[in-house]
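Participant: The structure that follows is given in the form of structure tokens.
The values are calculated or read from the model by the stated rules, or taken from the named source; none is laboratory data. On a predicted model such as this, the values are computed, not experimentally measured, just so you know. Backbone-built Cβ (ideal geometry, glycine too); neighbour counts: all protein chains shown.
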């Protein structure tokens, strides 16, 4: 009984009637406001991984654009790039400069190869990194109370995962915890059909001088092996433009090419 209690999810049973309607109106209002936020952002980032098996740290530059374009560059103290990685949400590219290796392919393949939840390939990373609700249909979301009284959980399915990944019989859901009084996303959980957490995002240190209240810290937990990734943002900016070319890498002539189908 104790183990079952500990495994209980943070959200309660779906609300009905006026409570459900009021929650959906709040979600729709937040989604509409989010559309007015910057199309692309960038920042310096420090990443730390802590797990029972290993601890690691990295720092670099991160650029992201809605819906799911990402570019990360890690450099040495002299400013020379060591790792460059980009993704459009479907495919990825990676240059490991010290090893002279160019790796590219499907995001699903990369996640599976590194024992990471394949549901991460479905995220709206612009909203996930910005701590937003994402572009969802509010009228289709379940509204659930938070068991600790922190706000409301909004829940919707990710039904296209099986078709996109080639994995049949799997159903996943996205859960977003909103502080209704302050209209802020506190946490985000991706779970399977048994409500087992596959990955969790916790947002903190919102930037008060940012009209979209960009979080300055994101903790990612629930990963295989108990690892926790902490992302700290600094010197956040809003680039005037961020064209597709910024998110594409060219393989140097002397680099070995590896492909993940």
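Participant: If you go through the range 194-213, how many residues are in contact with a helix residue (DSSP H, G or I) (Cβ under 7 Å, 6 or more places away or on another chain) and farther than 14 Å from residue 41 by Cβ?
Facilitator: 3
Participant: Determine whether the range 113-125 contains at least one residue that is at pLDDT below 95, more than 21 Å from residue 157 (Cα to Cα) and not in a loop (DSSP other than H, G, I, E, B).
Facilitator: yes
Participant: Can you tell me which residue among 148, 139 is part of a loop (DSSP other than H, G, I, E, B), modelled with pLDDT of 90 or more and more than 9 Å from the chain's Cα centre (by Cα)?
Facilitator: It is 148.
Participant: Please specify each residue of the range 207-218 satisfying the condition of being crowded, with 17+ Cβ neighbours inside 10 Å and in a strand (DSSP E or B).
Facilitator: 215, 216, 218, listed by residue number.
Participant: If you go through the range 209-226, how many residues are modelled with pLDDT under 85, under 28 Å from residue 238 (Cβ atoms) and out of contact with any strand residue (DSSP E or B) (no Cβ under 8 Å at 6 or more places or on another chain)?
Facilitator: 2
Participant: Restrict the check to the range 114-121 and report whether at least one residue is surrounded by fewer than 18 Cβ atoms within 10 Å (Cβ to Cβ), within 30 Å of residue 27 (Cβ to Cβ) and in contact (Cβ under 8 Å) with a residue 40 or more places away in the chain.
Facilitator: Yes, the conditions are met somewhere in the range 114-121.
Participant: Mind listing whichever residues of the range 18-38 are in contact with a strand residue (DSSP E or B) (Cβ under 6 Å, 6 or more places away or on another chain) and closer than 21 Å to residue 124 by Cα?
Facilitator: Scanning the range 18-38 gives a single hit, 27.
Participant: Please state which of the following conditions residue 130 fails to meet, knowing it meets all the rest: (1) under 30 Å from residue 19 (Cα atoms); (2) crowded, with 18+ Cβ neighbours inside 10 Å; (3) in contact with a helix residue (DSSP H, G or I) (Cβ under 7 Å, 6 or more places away or on another chain); (4) modelled with pLDDT under 95.
Facilitator: (3)
Participant: Still on this structure, I have one more. Which of the residues that make up the range 20-59 are closer than 19 Å to residue 93 by Cα and crowded, with 19+ Cβ neighbours inside 10 Å?
Facilitator: Within the range 20-59, 42 is the sole residue that qualifies.
Residues checked against (1) in a helix (DSSP H, G or I); (2) within 20 Å of the chain's Cα centre (by Cα):
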| position | (1), (2) |
| --- | --- |
| 26 | yes, no |
| 30 | yes, yes |
| 58 | no, yes |
| 61 | no, yes |
| 89 | no, yes |
| 98 | no, no |
